[in-house]
Amino acid sequence: MTAAETYFEARPERMPLGKLLSWTGQCLGRYYQRTVSAHGLTSTSIGVLGVLAHRDGLSHRELAGRLGVTPATLTPVVDVLEDAGELRRDRDRADRRIVRLFITQAGRDRLVTAFAEVAATFRDRMPHPPPEEELVIRRYLLGVLAAVTEGECDETETRGDQ
């Protein structure tokens with residue numbers, strides 16, 4: 001079997017590890033989106049609330065960077081959350097060109113409720129490796145991140161609050 005044939009193998013148990021990792025990530029992302037959407041949110045909107053709950057008052061551009069999306073992608077999400085009363089926009093007093101985003105109490109309440117249910121769903125559904133295997137898996141995944149991101153996906157700066 002050639003490398004190309006192996007790469008395009010459809011059966012997960014026969015896929016090369018890199019392909020399996022990519023495919024698993026895509027499936028996990030779709031599952032996460034379905035789980036979050038049951039709460040009337042998107043993965044981006046719950047990310048917005050999560051990041052702002054952790055670090056309130058970010059600019060639109062800073063928030064987009066932490067979520068790994070473009071500011072243009074973020075705008076309609078922020079509009080919906082603002083219309084729902086879950087965040088507010090305030091002009092920066094020092095530089096009126098900058099708009100800062102703040103989570104409201106309604107946003108915090110929605111985040112706590114939705115995140116608790118999403119986290120419980122994942123805990124119930126996902127396999128739990130033994131601690132010694134988790135360490136190996138964690139090292140491997142951190143190595144993959146380091147190899148493909150060149151530092152652009154620091155957990156504390158991006159999706160750590162999701």
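Every number here is computed from the coordinates shown, using simple stated rules; none is lab data. Not measured: the values here are computed from a predicted model. For neighbour counting, all protein chains shown are included, and Cβ atoms are generated from backbone atoms with ideal geometry for every residue, glycine included.
Close amide H partners of Arg100, meaning residues 5 or more places away or on another chain with modelled amide H under 5 Å apart, are Asp90, Arg91, Asp92. Rounded, prolate or oblate for the range 1-47? Axes are the square roots of the Cα gyration tensor eigenvalues, ordered a ≥ b ≥ c, and the cut-off for rounded is a/c under 1.5. Because a/c hits 1.5 or more and a/b exceeds b/c, the range 1-47 counts as prolate. The calculated FRET efficiency for Ser22 paired with Ala84, based on their beta-carbon distance and R0 = 45 Å, is about 0.85.
Quick check: convex hull over the Cα atoms of the range 47-103, volume per residue in Å³, rounded to an integer?
Details: hull volume 4.1 nm³, N = 57.
Each residue corresponds to 71 Å³ of Cα convex hull volume.
By how many degrees, between 0 and 90 and to the nearest 10, does the Cα long axis of helix 105-125 differ from the longest principal axis of the chain? So the inclination is approximately 10 degrees. Packing-based ranking of 74-80, 144-150, 7-13 yields 74-80, 144-150, 7-13, ordered from highest to lowest mean Cβ neighbour count within 10 Å. Only one item in (1) 38, 36, 32; (2) 62, 33, 29; (3) 46, 34, 28 matches Cα extents along the principal axes in Å derived from the coordinates shown, and that item is (2). Sorting 54-60, 14-20, 107-113 by their mean Cβ neighbour count within 10 Å, with the most densely packed peptide first, gives 107-113, 54-60, 14-20. Computed from phi, the 3J(HN,Hα) profile of the range 25-30 under the Karplus parametrisation 6.51, -1.76, 1.60 (θ = phi - 60°) reads x, 5, 5, 5, x, 5 Hz, with x in place of Gly and Pro.
For the chain, what does -39500 (n - 2.57) per DSSP helix run (n ≥ 4), summed and divided by total residues, give at 222 nm, in deg cm²/dmol to the nearest 500?
-20000 deg cm²/dmol
Using 0.36 nm per residue and subtracting the Cα-Cα separation, the extra length available between Leu142 and Arg55 on full extension is 28.9 nm. 3J(HN,Hα) along the range 129-146: x, x, x, 5, 6, 4, 4, 5, 4, 4, 4, 4, 5, 5, x, 4, 4, 4 Hz, from the Karplus curve 6.51 cos²θ - 1.76 cosθ + 1.60 with θ = phi - 60°, whole Hz, x for Gly and Pro.
Along the axis of the charge dipole computed for the chain (Cβ charges of +1 for Lys and Arg, -1 for Asp and Glu, origin at the Cα centre), the listed residues Trp23, Val78, Thr6 are led at the positive end by Val78.
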